[in-house]
Amino acid sequence: AGRSAIRASYPISEAPSDIRRSEEAAEVLRARDDRARVIALGGDLFFAGSESVVREISRLERTVELVVLDVRRVDDVSGIAITMLRRLRDQFAEHDRALVLVDTAGIVSARLEGVPSFPTRRAAVEHCEEELLRRYGAHLPVRSAVAVEDSTALASLAPEDVAALVARMESRSYD
């Protein structure tokens, strides 16, 4: 049966990672959110399903540089599907584009070498965000330290509680 294997397709900005970013880095990602896309797949990837996936990816704007293929709901993958994905991987590489996999079971990643694979969608999206920042955020300042009050560990506290905690802290260093 020629059913589409595509379950969803959306930019990474619709489901970003949980990484707390500087305002400058967040702005870079907002400005480039159309350059990375998640495509969730399901069912069996035989010839017809694979062809619909390749066709969908081929229709993407050339500005899309990173495509996350979420194959966690794929049941079975044929040899022709792997061959088609390898060709797609190679074509992407020629244009400085990349495929990224979300593949908990290793159903595709074990047979598709050279493609980064992650166990969760969040980890794959984080990878894409880091790649976009590497490409477009090279001008951003690199922080060597984060102020205590800006730490994500204290994000759930009220500002007055953070201030009270910081007031009780003292800096120490050890060899």
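Using only the alpha-carbon atoms, how far is helix 47-59 inclined from the longest principal axis of the chain? Give it as 0 to 90 degrees, nearest 10.
Value to nearest ten degrees: 50.
Using R₀ = 35 Å, calculate the FRET efficiency as 1/(1 + (r/R₀)^6) where r is the Cβ-Cβ separation of Ala123 and Ala167; round to 0.05.
On the way: r = 37 Å, r/R0 = 1.05.
That pair, Ala123 with Ala167, gives E of 0.40.
Compute the separation of the alpha-carbon centres of segment 132-175 and segment 73-122 and state it in Å as a whole number.
Answer, in whole Å: 37.
What do you get for the angle between helix 79-94 and the principal long axis of the chain? Use alpha-carbon atoms, 0 to 90 degrees, nearest ten.
The angle comes out near 50 degrees.
How far is helix 159-168 tilted, in degrees, relative to the longest principal axis of the Cα atoms in the chain, given as a value from 0 to 90 rounded to the nearest 10?
In the chain, helix 159-168 runs at an angle near 60 degrees to the longest axis.
Taking a probe of 1.4 Å, how large is the accessible area per residue of segment 1-137, in Å²? Show your work: numbers first, answer last.
Values: 7050 Å² over 137 residues.
Normalised by residue count, the accessible surface of segment 1-137 is 51 Å².
Counting only protein heavy atoms, what percent of the accessible surface of segment 28-175 is carbon or sulfur at a 1.4 Å probe? Don't jump to the answer; show the numbers that get you there.
Working: 4370 of 8770 Å².
On segment 28-175, the fraction of accessible area on carbon and sulfur atoms equals 50 percent.
Relative to the compact globular guide of 2.2 N^0.38 Å, what is the alpha carbon radius of gyration of the chain, as a ratio?
Values: Rg = 20.2 Å, N = 175, 2.2 N^0.38 = 15.7 Å.
Rg over 2.2 N^0.38 Å, computed on Cα atoms: 1.29.
To the nearest 20 debye, what charge dipole does the chain have about its Cα centre, counting +1 at the Cβ of each Lys and Arg and -1 at the Cβ of each Asp and Glu? Write out the running numbers ahead of the final one.
Numbers: 25 positive and 30 negative charges, 127 e Å.
With only Lys, Arg, Asp and Glu charged at Cβ, the dipole is about 620 debye.
Please provide three numbers in whole Å: the alpha-carbon extents of segment 23-114 along the principal axes, with the largest listed first.
Result, largest extent first: 43, 26, 22 Å.
The values are calculated or read from the model by the stated rules, or taken from the named source; none is laboratory data. Remember, predicted model here, so these are calculated numbers, not experimental data. Every residue, glycine as well, gets a Cβ built from its backbone with ideal geometry; the counts of neighbours run over all protein chains shown. These accessible areas exclude ligands, DNA and RNA; they are computed on the full protein's heavy atoms, side chains included. Shrake-Rupley method; radii C 1.70, N 1.55, O 1.52, S 1.80 Å.
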